[in-house]
Amino acid sequence: MKIDKANAPFLSVIVPVYNGEKTLAFCLDAIAQSDYSLWELIVVDDGSTDRSAFLAERFPALVVRSAEQQGAAAARNYGAQLARGNYLFFIDADCEVHPDTFSRMVAFLQRHPEADAVFGSYDDAPKPRGFVAQYRNLLHHYVHQTGSEEASTFWTGCGVVKRSMFQKVGGFNPQMRMLEDIDLGYRIRRAGGKICLAKHVQVKHHKEWNLFSMIKTDVLDRGIPWTRMLLSQPSGLVDDLNLQVSSRLSVLAAYTLLLLLASGLLMPKLLLLSLLALAALLQLNWHLYCFFNRKRGGLFSVGAIVLHWIYYLYCGVSFGCGVVLHWLDNRQQKPFVVKSQGEASWRTW
């Protein structure tokens, strides 16, 4: 990992936060300890009611605060408006960069000057110790590590966009309260931009998950709206990240297994067929389950496999609901019209 110091870029690191006092200090302290020094830090408090803005004041950062919550998209846009660098580096407030995250990203950017946007990966050592949180964060890591390096979308947990491209596509859509980073990635690709996944550029995730929050997020905040977004895209479903063909086949196998087990109560012979669906699920996800076993052992893996099959079942529900809602509302989403980012009501803290 070598950096051309003579041409090292200046990074504008933008961290939006809303009521994130539990994790924000970890995030900002890690940024301050980075082994790369050419950066500025902009913290945009999106109308928090906790002590997030006060915590941010302790760090070498420009801290601005909205009078009311306007959403992460608007917060990031405002941070970009204040930025001085040619590269906008977005970090989520519940993510902790490694000491070499910035330098690894810069080295990647220098090796790939054609890239208009680059995003990294969660690491394999999430901070929360709960079972669901460990499963969820390790699954995220695995998905990132097995994704295509030529990406079709974007991720703001740890992602860089060229300032020129960000301005060209109009930044994030402030009307969106979720999936705004995915939407940005689609618009960058439609504008002819190139997006890369740098798997070795990693951050530690601090988000606590429980079963309820995971299902709610996956169904209401991601699954249904993402399905509707995908059905509106000319490219449709791509074989990458969460949308890999193996994942789609796993959803079918999970429902087949459930149907055969239920039918087996009336027709016991069908229980034998359920073994085929079980084998298909194991085969399609074998590498993931081996990964769980390497990282957390056999007992964890058994629980993670069960949870993963539940995940596939509600992914199917999400997709079905998204298709129905898209069909009921044939009006495509209106094109995002770029407006002045200065129209939002913001004030310096």
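Taking the conditions exactly as written (without any contact (Cβ under 8 Å) to a residue 60 or more places away in the chain, more than 20 Å from the chain's Cα centre (by Cα) and not in a helix (DSSP H, G or I)), does F54 satisfy them or not? Taking the combined requirement at face value, the residue does not satisfy it. Would you tally the residues in segment 225-250 being at pLDDT 90 or above and surrounded by 19 or more Cβ atoms within 10 Å (Cβ to Cβ)? Result for segment 225-250: 1.
More than 26 Å from S103 (Cβ to Cβ), at pLDDT below 95 and either over 23 Å from the mean Cα position of the chain (by Cα) or not hydrophobic (A, V, I, L, M, F, W, C) (or both): does that describe A6?
Details: more than 26 Å from S103 (Cβ to Cβ): no; at pLDDT below 95: yes; either over 23 Å from the mean Cα position of the chain (by Cα) or not hydrophobic (A, V, I, L, M, F, W, C) (or both): yes.
No; evaluated as a whole, the condition is false for this residue.
Scanning segment 254-263 for residues that are surrounded by 15 or more Cβ atoms within 10 Å (Cβ to Cβ), out of contact with any Ser or Thr (no Cβ under 6 Å at 6 or more places or on another chain) and not hydroxyl-bearing (S, T, Y) yields A254, L258. Taking segment 77-190 and the helices (runs of 4 or more DSSP H) fully enclosed by it, the elements with 1 or more residues that are polar (S, T, N, Q) and buried (at least 20 other Cβ atoms within 10 Å of the Cβ) are at 101-111, 131-145. Looking at F172, F212, F166, just one residue is over 23 Å from T227 (Cα atoms), over 12 Å from the mean Cα position of the chain (by Cα) and of a type in the set (F, W, Y), and that residue is F166. When residues in segment 38-69 are screened for being closer than 17 Å to C27 by Cα, among the hydroxyl-bearing types (S, T, Y) and touching a Gly at 6+ places or on another chain (Cβ under 6 Å), 1 of them pass. Somewhere in segment 329-348, is a residue modelled with pLDDT under 90, among the β-branched types (V, I, T) and touching a strand residue (DSSP E or B) at 6+ places or on another chain (Cβ under 9 Å)? Yes, because at least one residue in segment 329-348 is modelled with pLDDT under 90, among the β-branched types (V, I, T) and touching a strand residue (DSSP E or B) at 6+ places or on another chain (Cβ under 9 Å). For beta carbons closer than 7 Å, sequence separation of 6+ or different chains, a first residue in segment 1-19 that is not assigned by TED's automatic domain parsing to the domain that holds F59 and of a type in the set (D, E, K, R) and a second that is surrounded by 17 or more Cβ atoms within 10 Å (Cβ to Cβ) and in a helix (DSSP H, G or I), the qualifying pairs are K2/A107. When we screen D92, D100, D124, D116 for residues that are in contact with a His (Cβ under 6 Å, 6 or more places away or on another chain) and in contact (Cβ under 8 Å) with a residue 12 or more places away in the chain, the only hit is D124. Among the residues examined, G47 does not qualify as in the same structural domain as C196 (by TED's automatic domain parsing) and under 28 Å from H308 (Cα atoms). Only one of the listed residues (G120, G85) is assigned by TED's automatic domain parsing to the domain that holds D183 and within 25 Å of E208 (Cα to Cα). That residue is G120.
In segment 148-168, the residues that are modelled with pLDDT under 95 reach residues that are of a type in the set (G, A, S) with C-beta atoms within less than 8 angstrom, at least six apart or across chains, in these pairs: E149/A198; A151/G185; S152/G185; S152/S235; T153/G185.
The values are calculated or read from the model by the stated rules, or taken from the named source; none is laboratory data. Computed from a predicted structure; not experimentally measured. Cβ: placed from backbone, ideal geometry, glycine included. Neighbour counts: every protein chain shown.
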